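Worksheet: one structure, shown below.
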Ligand SMILES: [Zn+2]
């Protein structure tokens, strides 16, 4: 472990947003990236700490905009201890900027989650793991028929008093609502005004509802093909002629981004490939959507708050809802990046971009994090050639895995 403010990462392939740099060097000073280039072009200094990448990758830290838990804690547990348990677990998988994500729950549970996230964000210690970029206000405004693994009694229609108070805490950076709910457009407008990435999820919205949502500022859809509408689901709801769904709306509009859960359990390789080819690496994000069973043995766990969240089963590879369906992932972003690189036509730098710069751009943090560019925070990973996380640096300080 090193705390030298002057770091030189070398003996590895540097991953840039648009290409790789074989045998590259990344220099960091005082917590910021100061230089990136080819090894022979760089001066050496005896005062630097040299970090040997061992012939693997030197990568930007990952950014996860949709994540619920890990290591037996869920952000909805509502305590600072739970938050730190999760942020530390994800740092071990290469996530350096994280957006704790709410589920359905009572107003009190959601407020407790927002406050605990805010308290940990303010401490800003590398030992706390992945740094909190902001909260993803995801539940509770889900469509009843698309609630998925979330507790049904904890969902509701948008309530302006509730969400204005939540936005006033100044911690929400991503905001989800199902577009067909009464009051959805007002929610989207308010979220937009507060500078959030505005997203539609857990929704059975039609093309017409998506169009209205887009006009109100919606620009993203949560986990593509999971808990979202399709042409048949809209036909079942609204009859014939068959109408467009969230799927067609996202694929048709360049401004729309989305995300995939690339754990190999939610989506078959051809769908990962399809999403990558159709949206491209600048509009497709990799997210974990991980729950508390990440890095835990197979068994029964609660999704969301530990006192009353819905039960699901983990087999160590993915979560299952009793009676059918999946209950989100139990693996980290390192696995998602590896799967995209190995199962689709995405090249290494494209797979990494979807887990770093693309989500950073979508939430408006790309001046600060998301790529190995001079001036950005020194959030740097040393990865093996198989994308195993070897070492993690945040702001130029090494994170101790222990
Ligand atoms: Zn989720």
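General observations
- Residue match in the stretch 128-142 (condition: within 26 Å of residue 92 (Cα to Cα), assigned to a helix (DSSP H, G or I), in the same structural domain as residue 228 (by TED's automatic domain parsing) and in contact with a helix residue (DSSP H, G or I) (Cβ under 9 Å, 6 or more places away or on another chain)): yes
- Selection from the stretch 294-303 of residues that are in contact (Cβ under 8 Å) with a residue 60 or more places away in the chain and assigned to a loop (DSSP other than H, G, I, E, B): 294, 295, 296
- Unique match (being in contact with a strand residue (DSSP E or B) (Cβ under 8 Å, 6 or more places away or on another chain), part of a strand (DSSP E or B) and within 29 Å of residue 37 (Cβ to Cβ)) among 387, 393, 312: 393
- Some residue of the stretch 263-284 being farther than 21 Å from residue 103 by Cα, at pLDDT 95 or above and part of a strand (DSSP E or B): yes
- So residue 272, is it within 16 Å of the ligand (Cβ to nearest atom) and touching a helix residue (DSSP H, G or I) at 6+ places or on another chain (Cβ under 8 Å): no
Residue-by-condition table, conditions (1) within 21 Å of the chain's Cα centre (by Cα); (2) away from the ligand (no atom under 13 Å from the Cβ); (3) farther than 22 Å from residue 88 by Cα; (4) in the same structural domain as residue 90 (by TED's automatic domain parsing):
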residue	(1), (2), (3), (4)
290	yes, no, no, yes
297	no, yes, no, yes
303	yes, no, no, yes
310	no, no, yes, yes
317	yes, yes, no, yes
333	yes, yes, no, yes
338	yes, yes, no, yes
344	yes, yes, yes, yes
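- Flag for residue 101 being crowded, with 24+ Cβ neighbours inside 10 Å, in contact with a strand residue (DSSP E or B) (Cβ under 7 Å, 6 or more places away or on another chain) and more than 30 Å from residue 30 (Cα to Cα): yes
- Residues that are more than 16 Å from the ligand (Cβ to nearest atom) and on the phi > 0 side of the Ramachandran plot within the stretch 141-194 comprise 170, 183, listed in sequence order.
The values are calculated or read from the model by the stated rules, or taken from the named source; none is laboratory data. None of the values given here were measured: they were computed from a predicted structure. Because the Cβ atoms are built from the backbone with ideal geometry, glycine has one as well, and the counts that use them run over all protein chains shown.
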